[in-house]
Each structure stands twice: as C-alpha cells, then as structure tokens.
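Asks: If you scroll down you'll find the structure; I have some questions about it.
Just so it is clear, none of the values below were taken in a lab; they were calculated from the coordinates. Keep in mind that what you see is a predicted model, and the values were worked out from it rather than measured. Using ideal geometry, Cβ is built from the backbone for each residue, glycine included, and neighbour counts are taken over all protein chains shown.
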Amino acid sequence: MKNIDPKCKQCRRLGEKLMFKGERCRSAKCALSRRNYIPGFHGPKQRPNAKKSDYSRQLAEKQKARKQYLLSERQFRNIFDAAAKKIGNTEELLLKLLETRLDNIVYRLGFALSRSEARQLVNHGHFTVNSHGVNIPSYRVRAGMVIKIREASKRKKKFVGVEARIKNAEIPCWLHMNMEDLSGKVLHDPAVKDIRSNIDTHVIVEFYSR
C-alpha cells in the first residue's frame, strides 16, 4: 500500500532525512531539523536512546531504503529477490539495482532536485536513453547508455536553469555529464564505494533472511 503520509512526517518517523524535498531538506526549514522527534502527541516525550529490538531495527532500515527510492513494498521485495538470485554479494547487488534505475540516475545527474521530481520527469517522457524515449522510472540503465533531455522538453519550465543545477550537483564517479549537450552517460556499474548512501544493506538482508 502506498504511504500517503506527508513527506516530512515520514522523515521524522524514521529519524533521518530522506531528501524528499531537495534543497528544502538541506535548509533550516527542514521539519526534521526543527522537530527532531516522531510525529504525534507523544513524540516530544519519546526516549531518544530507547533500545530497539533487532526486528525493529531491521524493519526501520528496510523502510528507510524503500521510502528513499520511492518504492512500494512489492517493488522493493522484487528488487531484493532479483539481487538474491544473482551470483555475488547480495548487499552490493541490491544497492546496484536500486542505483541503476532511470529515475535515480536522472536525480544523480542533477536533472532533478529530488527523486520524486526525477520520477515525475521520467513519467512525463522528458528523457531519452540511447536516443529512444523512455517513460518508465524503473528502467534498468546499463554501462555505456546515454541519458538526454528531449529536445522539445528543453524549452519546458521544468528545465529552466538546469545547467546551474547540474553544476552544483555531486555527480558520482560512475556517471559522466557532458555539459555541451546536457547528456549523462553511465561509465560503469556502481561499486559500493562509489555510492553515497546511508543505507545499511546488511541489516536489510538480515530482515529478509529471518
């Protein structure tokens, strides 16, 4: 079931910034910075150092990852199952499958300020992959593929000032941005050390291995 709670409440409930609102999350206006406790009447009275059970800790980590990448429970479980079936380290493969989604790469390249904005832009068909239009956020982008803004979309209000936004973006080393034609290329599959993540995938594997 889709979580329809206000985005800031979701961050406060997990106690971590999920960067739903882009620059606002980095500013003093961030709800978690102003009210660093869980939502609800008893929120301010919570014990900050209360011990959590292993299950509670594992569930919270899984929920954090799922919400951060804007996935439903079924979508996240399917990605985990796909990682578990592959040969290799499940923790690394899970992160790789999450990071190589088209909506996440659009966000990482700086085309959007948040993953939710990136997903909306992909859904509306503003991007091409290897010159073919793709409007599926979960599309798996592989090494060597090139992502570009559609020529017709460059005149849209959403992309006004996109060059400045990209210049300020912290683009990971496994991606390359060509500022001349505003195209991004996947240089290679991301390694764990290449991914800026606050997700403990080991705990998630423990959760699904119960």
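Asks: Sorted by average packing, counted as other Cβ atoms within 10 angstrom per residue and highest first, what order do 198-208, 71-81 take? Could you put the intermediate results ahead of the total?
Replies: Numbers: 198-208: 17.5, 71-81: 15.2.
Peptide ranking by packing, descending: 198-208, 71-81.
Asks: Stretch SER153-LEU59 to full length: gain in nm at 0.36 nm per residue minus the Cα-Cα span? Intermediate values should be presented prior to the final figure.
Replies: Details: separation 94, 0.36 × 94 = 33.84 nm, distance 4.00 nm.
Stretched out fully, the SER153 to LEU59 stretch lengthens by 29.8 nm.
Asks: Hey, rough spin-label estimate for GLU73 and ASN123, points 7 angstrom out along Cα→Cβ, what's it come to in nanometres?
Replies: 2.1
Asks: In the stretch 61-123, if the dipole is taken from +1 on Lys/Arg beta carbons and -1 on Asp/Glu beta carbons about the Cα centre, which of SER116, LEU94, ASN78 is farthest to the positive end?
Replies: Going by the Cα projections, it comes out as ASN78.
Asks: Given the Cα-Cα distance of ASN198 and ASN135 and 0.36 nm per residue of separation, how much length would full extension add, in nm?
Replies: Contour length minus Cα-Cα distance gives 19.9 nm.
Asks: Along Cα→Cβ, 7 Å out, is where each label goes; now give me the distance between the ones at GLU163 and MET179 in nm to one decimal.
Replies: About 0.9 nm, to one decimal.
Asks: Something else now. I need the peptides 102-115, 164-177 ranked by packing, meaning the mean over residues of other C-beta atoms within 10 angstrom, with the highest value on top. Could the numbers behind the result be given before it?
Replies: Working: 102-115: 23.0, 164-177: 14.4.
Averaged packing, sorted descending, gives the order 102-115, 164-177.
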